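Taking it in order: structure first as structure tokens, then the write-up.
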Amino acid sequence: MSTLLIRIRRGLPTSVLLLILGVLVIVPMLFIALAAFSSETPRPGSIGLSGLSLDNFAIFGSSQALGAVGNSLLVAGSASVLALAIGCGLAFLAARTDTPGRRFLYFAGIAPMFLPSLVGALAWSLLGSPATGFLNLLLHSVGLNITVNIYSMPGLIMVLALYYAPYAFLLVHGALSLMNPDLEEAAFVHGGTRRRTLRRVTFPLALPAVLGSGILIFALTMENFPVAQVIGNPAQIDTLPSFIYRLMNASPSRGNEAAAVAIVLTGVLLIVTAIQQRAVLRRKFTTVTGKGVKPKKVPLGRWRLPAFAAAVLYFVLAVVLPLGALLIASLQNSPYVASLGQLTEPGALSFYALGELITSDDFLQAARNSVLTAVLAGLIGTALSFGLAYTVYRTGAAGRRVLEFAAMAPLAVPAIVLGLGLLWTWLVVPLPVYGTVVVLIVAFLAVFLPQSYRGVSASILQVDRDLEDSAVLLGAHRTKAVTKVTLPLMRVGMVSTLLLLLMLCMRELSAALFLFTSDTRLLSILIFDNYDNGAMQGAASVSLLYCGVIGVIALLAKSLGARTVDGAR
Amino acid sequence: MKVQLENITLAYGEATAIDRLSVTVEDGESLVLLGKSGCGKTSTMRCVAGLETPTGGRITIGDTVVFDGERGVRVAPNKRNVGMVFQSYAVWPHRTIFQNVAFPLQQQRLPKAEIRERVADVLALVGLTEYAERGASLLSGGQMQRVALARSLVMRPSVLLLDEPLSNLDARLRDRLRVELREIQQRLGLTCVYVTHDQSEALALADRIALMQGGRIVQIDRPEKIYDAPSSAAIADFLGVSNIFPCAPAGPGSAPATYRLTGHATEVTSDTPAAGTGKDPRVCIRPEDIRLTGEPATGANSWPGRVDVVSFQGSYVRYRVSLKDGPELDAVVPRRATRMLDVGTPVWASADPDAVQILPAEVPA
Ligand SMILES: Nc1ncnc2c1ncn2[C@@H]1O[C@H](COP(=O)(O)OP(=O)(O)OP(=O)(O)O)[C@@H](O)[C@H]1O
Ligand SMILES: [Mg+2]
């Protein structure tokens, strides 16, 4: 009898967690699948179970859908190759060469990460639209008859590559600078030249990181909606995410076909993520110990300055020009600028519009909503991830592999698709959740669960379980042992996960796209709305402030990181 | 307090880590669990502590049944009053030494003054009085080990479990702490279970040694008994017998206690009773029982050979001798007994028949 009670008590946490993950991740995906095979979409009072058939997939007979598939593969493929080239190049320069200004190189490598791709795309459409783009005005004003057209396939690829290169940079920089110098020195000792050692030892050792980040970038660019919409739409280039969005926004809305496209997109990502996970796993066996010994630097000789210049060029393209464009756009007084000269006239620029915006109800409400959802999603997400990681790594609970799998599953589900699934879920569930910020929090929890789960479990793995067990043996109840020993020791990891979640939630647009109402707009939605209505100045101003908020979070995270390093000493 | 394990079985998924293990540790006794890596020593301790739940069996500490698979009894680990020193020490780096050691007493909600007094006493016992306010992350290995010990001692545990507490330390510190540990255990009359895979540690610390193999206890006895009469060649190997060779009775016509080494011409005579060797017997000779001389020794067991390897170890010299038409033999000779032999020197190796044991390869567990 008491064994049964024990069993129930032990199984309870796992079941609760499974239930939560079911609501967050599994049910929405089921709704998508259901809608893809049905002739009506889920709505209040009906989950849309009528007329099951494969009809919706007939959309893949249309040239639009096939075009979207082709474009997605082409864009994601080229953008990831370009992003890899930029990211790996910079990482090599920053980690392993004597290029001047190493701190700047590192900063240039990661800074674009703090510009959400929505903002980057918006800025580049200000810079490179063929008629009124600032770059084109500049070119024409110096008498050059060249027109940059960002609204094109190369433009789309470039913008994506600019803002996803930091992912490659971070991973590869990590691999290159943590590489055990013994491995390279062994090659020198055995008579390798520097160039041969690089080619035979260093690069192969970094290869898993390169491949891993390449596949990650492919997945991320494949599911990217903001850039595809802002840059691709004027160029009439549809990718799968923007195609889904257009199907949903058609009138009448073509939700079932959108679901069919979503299924295909998810399928592709599932394969890509599976490959990526394997690459990451293999990486564990190969490289690098974290011994913190500095590997040797490669002297570049006369290539030092050109290398530095290349890094500067990237930084200018990804950060300086876009921020400049946003600044000018939000300060200019007349909505139309036909030449750069116009901007230098007295009274052409002022803070008036920016000031209006900051005090406007729309902005204040969106800012409040953004901060509220991000903070709540961050706190709840970190706590949930702790529950998951603790159950998976510290208990013998049955079903913990299932938990882990469900927690990592959103990795393969595009944010826009998960958003769509959550829309249908909360339309059907008879709880007053749809239309409130709660549904946005739920969406962010689901979309970023893999990241937060990973962060927390990495940190729990660093705390030896004996530390907690000994507290129990010394007379503390298990919960007390967790709060007195395990959690304090995980403090840094938990706080960084919280900040990461804050940052990711602040940036996110795609997941919220189908879930917001006029009362629950976020900053990212406000920007997108402004852009959609052609109010470029408003979009630019909000973007600028938005970058400010994200920058503050980033600084917080960094100062925390610095303290971690101090604490370790 | 007396600790009793009856028929304990523990499985991790499919794999059985402990297999119907029964053992009793008497009150005030120090029992050492000795065995190869992965034989289930840590698992056994974790069962006593309550950190693992056995699939069956019964564990009693003093008069309290803390686990009984049949009756569904399972006392939570924090209610068992079992002290445990982990191999990793598990000293909490975010607390001072005082806070580490005071923790169990705070859990018992003792008055502050009493806590201070008892912590001070136990810190004095392990020699850490001056370090009380130090952060625990700044300690050396030896100091950590003392903190972990103090933290367990302060709660006056019914039984103290020590899981290879010395294995992370350097050899000299290990020797010193070994003596200190034994002294504290005897002074306080602690019931102890001590895990190690170092045989000299086991011999020095044990009232009794239990040899484990594949999740079972294969021999349990006083140290000197086990040392003199291991019950299998595998156990002998563990206790430093490095000359172990498969053999077979030399056959009709020879003396009854004569064996021929499998695959060699060498014959060995043993005076020890060869009862129960069953099939697959082994000749076991301790290296320190081998004598090396210039001429053949009188009596049985004298074999010609040549010195292959000489290794000087301070108070003794270890030789490897390859026998003519025979295997290689390990010999340990006290430094002062003879002058050092050079590599290549022809020698006679000999062993008293009563130093030669014929043992089964394994005892059925
Ligand atoms: N958490 C676990 N999950 C699965 N198997 C385990 C676990 N812990 C131990 N085992 C297995 O149980 C067996 C016994 O392990 P145990 O840790 O008790 O060995 P040990 O005698 O303490 O070894 P060592 O001397 O290496 O510490 C081993 O085969 C081990 O692989
Ligand atoms: Mg062990």
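Screening the candidates B:Arg109, B:Arg156, B:Arg95 for the property of being within 14 Å of chain A (Cβ to nearest Cβ), within 32 Å of the chain's Cα centre (by Cα) and more than 20 Å from B:Leu173 (Cα to Cα) yields one hit, B:Arg156.
Name the residues in the stretch B:20-52 that are of a type in the set (Gly, Ala, Ser), away from ligand 2 (no atom under 11 Å from the Cβ) and assigned to a loop (DSSP other than H, G, I, E, B), would you? Those that are of a type in the set (Gly, Ala, Ser), away from ligand 2 (no atom under 11 Å from the Cβ) and assigned to a loop (DSSP other than H, G, I, E, B): B:Gly28, B:Gly50. Among the residues of the stretch A:437-486, those that are in contact with a Pro (Cβ under 7 Å, 6 or more places away or on another chain), among the hydrophobic types (A, V, I, L, M, F, W, C) and in a helix (DSSP H, G or I) comprise A:Ala446, A:Val447, A:Leu449, A:Val472, A:Leu473.
Take the residues in the stretch B:73-87 that are free of Cβ contacts under 8 Å to residues at least 40 places away in the same chain and part of a loop (DSSP other than H, G, I, E, B); name whichever of them is nearest to the other protein chains (Cβ to nearest Cβ). Here the residue is B:Ala76. All conditions in (1) surrounded by fewer than 19 Cβ atoms within 10 Å (Cβ to Cβ); (2) farther than 30 Å from A:Ser457 by Cβ; (3) in contact (Cβ under 8 Å) with a residue 60 or more places away in the chain hold for A:Asn533, with the sole exception of (3). Annotation: A:Trp124 fulfils all but one of (1) closer than 27 Å to A:Leu555 by Cβ; (2) not assigned by TED's automatic domain parsing to the domain that holds A:Gly155; the unmet one is (2).
Just one of the listed residues (B:Arg178, B:Arg146, B:Arg172, B:Arg151) is more than 16 Å from ligand 2 (Cβ to nearest atom) and either exposed (fewer than 15 other Cβ atoms within 10 Å of the Cβ) or not in a helix (DSSP H, G or I) (or both), and it is B:Arg172. For the stretch A:57-107, which residues satisfy the criterion of being more than 20 Å from A:Arg304 (Cβ to Cβ) and outside any helix (DSSP H, G or I)? A:Ser62, the sole residue that qualifies. Check the stretch A:395-414 and report whether any residue there is surrounded by 24 or more Cβ atoms within 10 Å (Cβ to Cβ) and touching a strand residue (DSSP E or B) at 6+ places or on another chain (Cβ under 6 Å). Within the stretch A:395-414, not a single residue is surrounded by 24 or more Cβ atoms within 10 Å (Cβ to Cβ) and touching a strand residue (DSSP E or B) at 6+ places or on another chain (Cβ under 6 Å). Exactly one residue among B:Ala206, B:Ala229, B:Ala202, B:Ala210 is within 24 Å of B:Phe86 (Cβ to Cβ), more than 16 Å from ligand 1 (Cβ to nearest atom) and of a type in the set (Gly, Ala, Ser), and that residue is B:Ala206. Once the stretch B:12-71 is narrowed to residues that are within 13 Å of ligand 1 (Cβ to nearest atom), away from every other protein chain (no Cβ under 14 Å) and among the basic types (Lys, Arg), the residue that is nearest to B:Ala210 (Cα to Cα) is B:Lys41.
Being part of a helix (DSSP H, G or I) and modelled with pLDDT of 90 or more is a property that A:Ala260 lacks. Of everything in the stretch A:167-199 that is loosely packed, with under 14 Cβ neighbours inside 10 Å and part of a helix (DSSP H, G or I), the residue that is modelled with the lowest pLDDT is A:Pro181. Inspect all residues belonging to the stretch B:158-169 and state whether any of them is more than 16 Å from ligand 1 (Cβ to nearest atom), assigned to a helix (DSSP H, G or I) and not β-branched (Val, Ile, Thr). No, the stretch B:158-169 contains no residue that is more than 16 Å from ligand 1 (Cβ to nearest atom), assigned to a helix (DSSP H, G or I) and not β-branched (Val, Ile, Thr).
The values are calculated or read from the model by the stated rules, or taken from the named source; none is laboratory data. What you see is a predicted model; the values in this text were computed from it and never measured. With ideal geometry, Cβ positions are generated from the backbone for all residues, glycine too; neighbour counts draw on all protein chains shown.
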